[in-house]
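> Take this structure first; my questions come after.
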Amino acid sequence: MFQFIETIKIDKGQIYRIAYHQARFEATRDAFFQNEIMPSIDLESRIVPPDNENCYRCRITYGKFIDKIEYFPYEPKPIETLKVIEADELFYYYKFADRAKIDALTEQKGTADDILMVRNGLFTDTSIANVAFLKDDVWHTPQFPLLAGTQREELLHLQKVVIKKVALKDLFDYSHIAIFNAMIEFGDLVLPINKETIILPEEN
């Protein structure tokens, strides 16, 4: 049976982007269990923040029903370098609990902090986050991400990023890359784009 996850940020008791997580949760269940009778599940009512003082990563594992809800103190990991990895055969349109294929690609990062995946010459995501590229004061987020994250959906709704095909061959037309996900807020992790921060495939 398929298992999926939602990773939700809780900071000082506040649950972040719950409406976007709820929408993805429902869309995933509808896609995989559409021929089965399913009870409606309200995620917000199931989440009980451990306290109102700290930042937590809430991980909800589910299929047709919620299997478990876990809370982990959040400690951001520094990311200063990215290695470009080809991932033409990788598809992860739903947030599967099984990340074995992504993990296998991540093992190729070498001394870099994370990977930046390219599919058919176009950028998708890092191993853990969506990205956006800055050009002429406009943030471009890849048209075909590996996974359309909840913060990406929010940023598109707020018109803070625009969708564009960002090609590997055009990488140095951009000045910066922003890395963001459910836990990392947009703007908190931004790297300049140069050959020291972005390690290209031929520079193994």
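> Give the number of residues within segment 31-56 that are among the β-branched types (Val, Ile, Thr) and open to solvent by 40 Å² or more (accessible area, probe 1.4 Å).
Total meeting the criteria: 2.
> Contact list please: Cβ distance under 9 Å, first residue in segment 51-66 and at pLDDT 95 or above, second residue surrounded by 15 or more Cβ atoms within 10 Å (Cβ to Cβ) and among the polar types (S, T, N, Q), pairs at least six apart or on different chains.
If the second residue must be surrounded by 15 or more Cβ atoms within 10 Å (Cβ to Cβ) and among the polar types (S, T, N, Q), the pairs left are Arg57/Thr7; Cys58/Thr7; Arg59/Thr7; Ile60/Thr7; Tyr62/Thr28.
Residue-by-condition table, conditions (1) surrounded by fewer than 19 Cβ atoms within 10 Å (Cβ to Cβ); (2) within 18 Å of the chain's Cα centre (by Cα):
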| position | (1), (2) |
| --- | --- |
| His157 | yes, yes |
| Lys165 | yes, yes |
| Phe180 | no, yes |
| Val190 | yes, yes |
| Asn194 | yes, no |
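> Could I ask something else about it? Counting only residues that are in a loop (DSSP other than H, G, I, E, B) and in contact (Cβ under 8 Å) with a residue 24 or more places away in the chain, how many does segment 27-42 have?
5
> Which condition number does Thr28 fail, the rest of (1) touching a helix residue (DSSP H, G or I) at 6+ places or on another chain (Cβ under 9 Å); (2) crowded, with 18+ Cβ neighbours inside 10 Å; (3) among the polar types (S, T, N, Q) being met?
The number of the failed condition is (1).
> Just to be sure before I move on: is Lys12 modelled with pLDDT of 95 or more and at positive phi in the structure I sent?
yes
> Taking the condition of being in contact with a strand residue (DSSP E or B) (Cβ under 7 Å, 6 or more places away or on another chain), within 12 Å of Thr81 (Cβ to Cβ) and in contact (Cβ under 8 Å) with a residue 60 or more places away in the chain, how many residues in segment 177-199 meet it?
Qualifying residue count, segment 177-199: 7.
> Follow-up. Looking at (1) open to solvent by less than 50 Å² (accessible area, probe 1.4 Å); (2) of a type outside the set (Asp, Glu); (3) without any contact (Cβ under 8 Å) to a residue 60 or more places away in the chain; (4) within 16 Å of Ile184 (Cβ to Cβ), can you tell me which one Leu116 breaks?
(3)
> Something else about it: Checking the condition part of a strand (DSSP E or B) and within 26 Å of Thr111 (Cα to Cα), which residue from Ile177, Ile163 passes?
Going through Ile177, Ile163 in turn, the sole match is Ile177.
The values are calculated or read from the model by the stated rules, or taken from the named source; none is laboratory data. Since we're looking at a predicted model, the values are computed, not measured. Cβ atoms come from the backbone with ideal geometry, glycine included; neighbour counts cover every protein chain shown. The accessibility values were calculated without ligands, DNA or RNA, using every heavy atom of the protein model including side chains. Shrake-Rupley method; radii C 1.70, N 1.55, O 1.52, S 1.80 Å.
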